[in-house]
1. Given the range 74-178, what helices (runs of 4 or more DSSP H) lie entirely inside it while holding 2 or more residues that are at pLDDT 55 or above?
2. Taking the range 117-144 as the search range and keeping residues that are surrounded by 15 or more Cβ atoms within 10 Å (Cβ to Cβ) and of a type in the set (Ser, Thr, Tyr), which one is farthest from Leu69 (Cα to Cα)?
3. May I ask you to list the residues in the range 69-117 that are among the small types (Gly, Ala, Ser), closer than 20 Å to Leu31 by Cα and in contact with a helix residue (DSSP H, G or I) (Cβ under 6 Å, 6 or more places away or on another chain)?
4. Residues that are surrounded by fewer than 15 Cβ atoms within 10 Å (Cβ to Cβ), of a type in the set (Val, Ile, Thr) and not in a loop (DSSP other than H, G, I, E, B): does the range 46-62 have at least one?
5. Considering each residue of the range 38-78, count those that are free of Cβ contacts under 8 Å to residues at least 40 places away in the same chain and more than 18 Å from Thr116 (Cβ to Cβ), and give that number.
Amino acid sequence: MSFFGNIDTQESSFEMTGGDLAPIPKDTRVLAICEEAKNSEYNGDRYINLKWRVSQPAEFANRVLFQKLRVYSLDKAEAHKRMLAAIATNAGGKLFAAMQKAGEQEPSDMSLSTITNSPMVLLLDVWELDDKSKSGNWVKSVSARKAGSAQAQQAVKPAQAPAPTPPPSDVFEDDIPF
């Protein structure tokens, strides 16, 4: 059997089907982890791009959200720097120490890596294009895992500890044939 099996290899067009996911509802709190943080630029607009992965609540688990922190923009810098400072604090404050140690005036990709892998509670909002052809989520606020509303507390219940495993046995059977 060939690699393509029953696929018509003479077909010249194909469209992948599958619906777009609806945005997570406005004012929903989720537990998420920043997987990636890096400086980015598009059409001369510099910003910090964050990639968040939702872990709780279960109905939104593994959803990915992208956040642009426009910390270099003249009109939005202060609010976005405050958001970055809150994220850095919730991640243990290592960003500040890394920047100081490296003598950085602006965070580098290396120092931004210190804000990854720390769970935080995000409050989400929804954006839409004027013609409503596209929509998605944006991060309205960020807080420490233990902070937030009752909904956030419910969303971030600690996982059950696995049952302890018995210690390995030092008794060997004599039926080993060698």
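The values are calculated or read from the model by the stated rules, or taken from the named source; none is laboratory data. These figures come from a predicted structure and were not determined experimentally. A quick note on method: Cβ atoms are made from the backbone with ideal geometry, for glycine too, and the neighbour counts reach across all protein chains shown.
1. Values: elements: 77-90, 94-102, 109-112, 150-155.
Answer list for the range 74-178: 77-90, 94-102, 109-112.
2. Filtering first and then ranking leaves Ser118.
3. Step one: filter the range 69-117 for residues among the small types (Gly, Ala, Ser), giving 73, 77, 79, 85-86, 88, 91-93, 97-98, 102-103, 108, 111, 113.
Among the residues that remain, those that are also closer than 20 Å to Leu31 by Cα are: 85-86, 88, 91-93, 113.
Of everything in the range 69-117, those that are among the small types (Gly, Ala, Ser), closer than 20 Å to Leu31 by Cα and in contact with a helix residue (DSSP H, G or I) (Cβ under 6 Å, 6 or more places away or on another chain) turn out to be Ala88, Ala91.
4. No; the residues of the range 46-62 include none that is surrounded by fewer than 15 Cβ atoms within 10 Å (Cβ to Cβ), of a type in the set (Val, Ile, Thr) and not in a loop (DSSP other than H, G, I, E, B).
5. Residues that pass the stated criteria total 18.
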